[in-house]
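Chemist: Dumping the structure here so I can ask a few things about it.
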Amino acid sequence: MSNVLDIRNLELGFKGYVGFTKVLHGISLSIAKGERVALVGESGSGKSVTARIILGLLQELRAARITGELHFNGQDLNHLSRRQWHALRGTDMSMIFQDPTSSLNPVFTVANQFAEVLRRREEKLTDSEARARASELLDSVHIPNPARVLDSYPFQLSGGMNQRVVIAMALANHPSLLIADEPGTALDVTVQAQTLKLMREMVESNDTAVLFISHNLGVVREFADRIYVIYRGNIVEEGPTEAVFANPGHAYTRALMSAVPRITGGGIPDIADTSDAFLDPLVSHSENKS
Ligand SMILES: Nc1ncnc2c1ncn2[C@@H]1O[C@H](COP(=O)(O)OP(=O)(O)OP(=O)(O)O)[C@@H](O)[C@H]1O
Ligand SMILES: [Mg+2]
C-alpha cells in the first residue's frame, strides 16, 4: 500500500453541556504519494476538524470523541503518544493555515524560526548551517533578498512575503504530507494566486502529497488532482478533479459549482508576469529592478 494517508470511517463528536453533537459521520479519504487532493465544502462542513485530527491536534481536546482508522505512511496514528505526534508535526507532516502572520512567531526573526524548524529534523544543525539552508529555501520561493528577510521579524514583511516564508518553512523538512487549510485566504486575491502557484511548484518538485482545504472551487480546479466534497460531515462525492467538474454527481456539488463566479481566460497569473505585486515594503524598488 503506497498511500501516504488513509482515513477509514472517521467519526467525530463533541460532548458539551447540552449533550453530544456529531460533526463527522464516518468519512474515508486517502492520498497517494505526491498526490494533491482537495477537500471542499461549505463553512462548518467539517474540513478543519478533519485536518486537525490528521495532525493529532483535536485528540488533545477533552470534549472531542474520535473513532475510526488513521494511517500515515503505513503507521497507525491511533497508537501514537503525544510526544510522537509532536515529533511528526513539522517533520514528515506539516501544515499551512489561513493567515501567514499568525503561523509565524512575532518575537523571533525569520532566521531563528527556520533554525527551530530545521532542528526538528536535524538536532545538531549549527546556526550558520541553518542559515545557509534557510537562505536556499527562501531562494526557492523566489524571495529576492534572503539575507534581509532572514534578519527580519514577521511584522516587517508584507503578507505575501510572510506567506512565502511559511511555504518555505512548511516544506523545509521535506514532509511527505502537507496540509493546507484555506492557505492565503487572508491575503489579497492576486497575492494568494501567486503564492498558490508557488506552493504547487514546490510540492511538485518535492513530490509532496497535499491535502488542500478550500471552499473556492476555482482555486481547487487549478491545484488539485482529485477532489472530495464534504457536506455536513459526510463525503458526498469523490473523483479526479476534471471528472467532478465535468459531471458533478451530487446535488450539493452542483450547487457549490453554480456558486462559483465564472472567470474567462486568465487563471492563476504567472509569477514572472506579476513583478509589480512582488514589490514589498521591505525590498527597495532599486533591488527589485535588477
Ligand atoms: N472545539 C469544538 N467544539 C465544538 N464544536 C466544534 C469545535 N470545533 C469545531 N466544531 C464544530 O464542528 C463543525 C465543523 O467545523 P470545521 O471548523 O471543521 O468547519 P469547516 O468546514 O472548516 O468550516 P470553514 O469553511 O468555516 O472553515 C462546526 O459545526 C463547528 O462548529
Ligand atoms: Mg475551516
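Chemist: Away from ligand 1 (no atom under 16 Å from the Cβ) and either under 15 Å from the mean Cα position of the chain (by Cα) or in contact (Cβ under 8 Å) with a residue 40 or more places away in the chain (or both), is that true of residue 65?
Modeler: For residue 65, the condition - away from ligand 1 (no atom under 16 Å from the Cβ) and either under 15 Å from the mean Cα position of the chain (by Cα) or in contact (Cβ under 8 Å) with a residue 40 or more places away in the chain (or both) - is not met.
Chemist: If you check residue 69 against the conditions, is it open to solvent by 60 Å² or more (accessible area, probe 1.4 Å), touching a helix residue (DSSP H, G or I) at 6+ places or on another chain (Cβ under 9 Å) and more than 22 Å from residue 120 (Cα to Cα)?
Modeler: Spelling it out, residue 69 is indeed open to solvent by 60 Å² or more (accessible area, probe 1.4 Å), touching a helix residue (DSSP H, G or I) at 6+ places or on another chain (Cβ under 9 Å) and more than 22 Å from residue 120 (Cα to Cα).
Chemist: Please state which one of 255, 277, 243 is modelled with pLDDT under 90, farther than 30 Å from residue 156 by Cα, part of a helix (DSSP H, G or I) and out of contact with any Pro (no Cβ under 6 Å at 6 or more places or on another chain).
Modeler: 255
Chemist: Can you tell me which residue is surrounded by the most Cβ atoms within 10 Å (Cβ to Cβ) among those in segment 1-29 that are of a type in the set (Gly, Ala, Ser) and in a strand (DSSP E or B)? Lay out the reasoning, then the answer.
Modeler: Looking only at segment 1-29, we keep the residues that are of a type in the set (Gly, Ala, Ser), and these are 2, 13, 16, 19, 26, 28.
With in a strand (DSSP E or B) added as a condition, the list becomes 13, 16, 19, 26, 28.
Working: 13: 18, 16: 9, 19: 8, 26: 15, 28: 14.
Top of the filtered list is 13.
Chemist: Please tell me if residue 135 is within 16 Å of ligand 1 (Cβ to nearest atom) and either among the aromatic types (Phe, Trp, Tyr) or out of contact with any strand residue (DSSP E or B) (no Cβ under 8 Å at 6 or more places or on another chain) (or both).
Modeler: Taking the combined requirement at face value, the residue does not satisfy it.
Chemist: Can you work out which of the residues in segment 74-122 that are within 16 Å of ligand 1 (Cβ to nearest atom) and hydrophobic (A, V, I, L, M, F, W, C) is farthest from residue 3 (Cα to Cα)?
Modeler: Only one residue tops the list, namely 97.
One line per residue, one yes/no per condition, for (1) small (Gly, Ala, Ser); (2) not in a loop (DSSP other than H, G, I, E, B):
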residue	(1), (2)
83	no, yes
86	no, yes
95	no, yes
102	yes, yes
113	no, yes
128	yes, yes
131	no, yes
143	no, no
148	no, yes
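Chemist: Now for a different question. Looking only at segment 30-47, filter to residues that are in a strand (DSSP E or B) and open to solvent by 10 Å² or more (accessible area, probe 1.4 Å); which one of those is farthest from ligand 1 (Cβ to nearest atom)?
Modeler: Ranking the qualifying residues of segment 30-47, first place goes to 32.
Chemist: Take the conditions more than 26 Å from residue 259 (Cβ to Cβ) and either modelled with pLDDT under 95 or within 16 Å of ligand 2 (Cβ to nearest atom) (or both) and apply them to residue 55. Does it pass?
Modeler: Judged against the criteria, residue 55 is a match.
Residue by residue, here is whether (1) modelled with pLDDT of 95 or more; (2) basic (Lys, Arg); (3) within 23 Å of the chain's Cα centre (by Cα) holds:
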site: 119; (1), (2), (3): yes, yes, yes
site: 124; (1), (2), (3): yes, yes, no
site: 128; (1), (2), (3): yes, no, no
site: 131; (1), (2), (3): yes, yes, no
site: 152; (1), (2), (3): yes, no, no
site: 163; (1), (2), (3): no, no, yes
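Chemist: Within segment 82-115, which residues are free of Cβ contacts under 8 Å to residues at least 24 places away in the same chain and open to solvent by less than 50 Å² (accessible area, probe 1.4 Å)?
Modeler: Residue satisfying the conditions is 115 alone.
Chemist: Report, ordered by the first and then the second residue, all pairs with beta carbons closer than 6 Å, sequence separation of six or more or different chains, a first member in segment 1-30 that is closer than 12 Å to residue 50 by Cα and within 16 Å of ligand 2 (Cβ to nearest atom), and a second member that is open to solvent by 40 Å² or more (accessible area, probe 1.4 Å) and part of a strand (DSSP E or B).
Modeler: Final answer for the pair search is 12/66; 24/11; 27/235.
Chemist: Any idea which residue in segment 190-215 is farthest from ligand 1 (Cβ to nearest atom), counting only those that are open to solvent by less than 10 Å² (accessible area, probe 1.4 Å) and outside any helix (DSSP H, G or I)?
Modeler: 208
Chemist: Among the residues of segment 168-185, is there at least one that is surrounded by fewer than 20 Cβ atoms within 10 Å (Cβ to Cβ), in a helix (DSSP H, G or I) and in contact with a helix residue (DSSP H, G or I) (Cβ under 9 Å, 6 or more places away or on another chain)?
Modeler: Taking every residue of segment 168-185 in turn, none turns out to be surrounded by fewer than 20 Cβ atoms within 10 Å (Cβ to Cβ), in a helix (DSSP H, G or I) and in contact with a helix residue (DSSP H, G or I) (Cβ under 9 Å, 6 or more places away or on another chain).
The values are calculated or read from the model by the stated rules, or taken from the named source; none is laboratory data. The structure displayed is predicted, hence computed values, not measured ones. In this analysis, Cβ positions are derived from the backbone assuming ideal geometry, glycine residues included, and neighbour counts consider all displayed protein chains. Surface accessibility is based on the protein's heavy atoms, side chains included, excluding ligands, DNA and RNA. Shrake-Rupley method; radii C 1.70, N 1.55, O 1.52, S 1.80 Å.
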